[in-house]
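Before any comments, here is the structure.
No lab work stands behind these numbers, since they all come straight from the coordinates. On a predicted model such as this, the values are computed, not experimentally measured, just so you know. No Cβ is skipped: glycine too gets one built from the backbone with ideal geometry, and neighbour counts run over all protein chains shown.
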Amino acid sequence: MKLLLKIALACLPVLTMLSCSKKADEMPPLALAETDTRIQQYLFAHNEIAIRDPSGLYYRIYNPGDSIHYLKPTSIAFVNYTNKLIDGTVIDASFDVTNFNNRILKNHIPGWQIGLGKISKGGRIRMYIPPYLGFGAPGVPDIVPPNAILISDVELVDIR
């Protein structure tokens, strides 16, 4: 009995830390379901087809790429892209190939980390990114509204 008590007391700090930590992608179940429904409604209304990743990201691959050169979390992606809101408002675009000032993949939004991992060099993908895989509740002031669903069209031009 004393041994069990000692084990329980030894594990208490770890359990406390785990129960207090929040994942960036945690949202109340209702908000998750509502976001999922909004993406599905958009797809239906625009007669678009997309696959749902277990993360909640919807995507459509237009060109899988060379099937040889894939991004790693520490890779730098050279991309052409357009980001728009679900209402069609373009909020950002590269207008040419960009590497985001040598930013590695793991420093991009989770939606891009997941989606770009599904294509290889030369590939093209459209991602329907829920807020919890994008810019979340805060958004980006004067650019991305809070809790925005993003539609990202991305071409993976090169990898370094």
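Run the numbers for residue 98 and residue 140: contour at 0.36 nm per residue of separation, minus the present Cα-Cα distance, in nm.
Using 0.36 nm per residue and subtracting the Cα-Cα distance, I get 13.1 nm.
So which trypsin sites (Lys or Arg not before Pro) in the stretch 90-133 end up in coil per DSSP with only 15 or fewer other C-beta atoms within 10 Å?
Listed in order of number, the matching sites are 103.
Which whole-number percent gives the relative contact order of the stretch 61-159, counting Cα pairs below 8 Å spaced six or more residues apart?
38
Would you mind counting up the charge near residue 75? Only other residues with Cβ under 13 Å from its Cβ, with Lys and Arg at +1 and Asp and Glu at -1. If you can, show how the numbers build up before the last one.
On the way: positive: 72, 103, 106, 121, 160; negative: 158.
Net local charge, residue 75 excluded: +4.
Summing +1 for each Lys or Arg and -1 for each Asp or Glu, what net charge is found among the other residues whose Cβ lies under 12 Å from the Cβ of residue 91?
Charge balance in the 12 Å sphere: -2.
Compute the Cα gyration tensor for the stretch 40-144, then decide on rounded, prolate or oblate, letting a ≥ b ≥ c be the square roots of its eigenvalues: rounded whenever a/c is under 1.5, prolate when a/b is larger than b/c in the other cases, and oblate in all that remain.
It is oblate, given that a/c is not under 1.5 and a/b is not larger than b/c.
What's the local net charge at residue 46, with K and R +1, D and E -1, over the other residues with C-beta under 13 Å away?
Once positives and negatives cancel, what remains is +2.
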